[in-house]
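Peer 1: This is the structure I have questions about; it appears just below.
The values are calculated or read from the model by the stated rules, or taken from the named source; none is laboratory data. A quick note: this is a predicted structure, and the numbers were derived from the prediction, not measured. Heavy atoms of the whole protein, side chains included, go into the accessibility calculation; ligands, DNA and RNA do not. Shrake-Rupley method; radii C 1.70, N 1.55, O 1.52, S 1.80 Å.
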Amino acid sequence: MNQIQPPSFDDSQMEASNNQNACSPDQADGIPRATSGGLLHEKVVIREAGKAAITQFLDEHNCFSVLRYSGKVVVFDTRIPIQLAFYALVEHDMQAAPLWDPSIRQFVGLLTVTDFIDILRYYRSCMEQNFENYTIQDLATRSIAEILEDPNTAEHLKHRQFLSADADATLKQSCILLHKNSLDFLPVILPSDMRVLATVTYTNILEHLVTHFREQRRLFDDSIYDLNIGTYGADVVTVQPHHTLQECLAVCQSRHLSAVPVVDAQGRVLNVYSRSDISFLHHATDADDAVRSLDKTVGEILGMQRTDVSTPDRLHTCSPTHTLQSIFEYFAQLKFNRLIVVDEEHRCVGVVSARDLVAYFVGGGGISNSHSGSVGAQQQQQQE
């Protein structure tokens, strides 16, 4: 296995300037403006050159280049019970799997670990309101197809439409599809027979970027805060250890968050809770016990996590002054899903995710539909 290396930089090349006589890049349309002297702000030029270099890299590499040399793909027939599908995800240590509807011979979406947790929470709320036909025993027997057909439960599946990318689609196209549709997972298919080769994420793409991207110019010396990469200030959502798991998951779902920092009363970061954390389900003796676990505190749930393994969801921190270059190097070492941004007192001031890093290069004005033919909602032909 090749060791992941950070991007290469040559200190003898271009340095960013602090020229204060040029205009600010923060124009309404995002286009740098010339000063009265006709010169563009050098920082803006360097930032745009950095974006262009990364965008070009993403445009020159396809989805196939991100796939691992060996791996496995789990596909669920929509006729199987959803609870069985969930435990299969856990057994195979996978976060998501495509859903195949044999009646129409098409993929119809994805099932994720967080989908099942959200459906479990929905059933709990129905039980509290004494709704008929929405008991935990009923959930254990319902098929994926039945969940999809019921509008009350289907809305808890985030990937209800099968959006995918061809293996030869560029990484730029794939990032745009992920970004524009607020997706967490993107299946990569072989167009000739509609076979799913893998499911990629922002973290997979970023890992490929830091492994293979090389740039001699110094284009990434601005801080992540100055570049507005991530979420900061009042927009940052946190929880405290005494909050219940139910409260934490409700916030994550309503705010479309994949994780939240866990802080003490002074706002100092203690840990991070990932919405895909299924520790409480591992420890549940049965379905009813799993529902009761929703009343446990976040502190108790975090105490159930294994400490002998490192995952992309483990707590990693940085400061607002960390440069984009240093974040790339940090990611090459740790392959994190997100960084919690802290101040000198270790108080939470922001969150930077792998999605934020990729979106900086392909988001906003960089998005176009010029390659929509090979990326998008795949309208599959019936297979013989």
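Peer 1: As a test of reading the structure, rank 172, 180, 296 by solvent-accessible area (1.4 Å probe, protein chains only), most first.
Peer 2: Working: 172 40, 180 105, 296 65 Å².
Greatest to least solvent exposure: 180, 296, 172.
Peer 1: Further, regarding this structure: Ranked by accessible surface with a 1.4 Å probe, highest first, in what order do 319, 174, 182 come?
Peer 2: From most exposed to least exposed: 182, 319, 174.
Peer 1: How large a share of the accessible area of segment 63-201, in percent, is made up of carbon and sulfur atoms when the probe is 1.4 Å and the other protein chains stay in place?
Peer 2: With neighbouring chains kept in place, the figure for segment 63-201 is 49 percent.
Peer 1: Just need the Rg to Rh number for segment 149-216, please, alpha carbons only, Kirkwood Rh. Walk me through the intermediate numbers first.
Peer 2: On the way: Rg = 14.4 Å, Rh = 13.5 Å.
Rounded to two decimals, Rg over Rh is 1.07.
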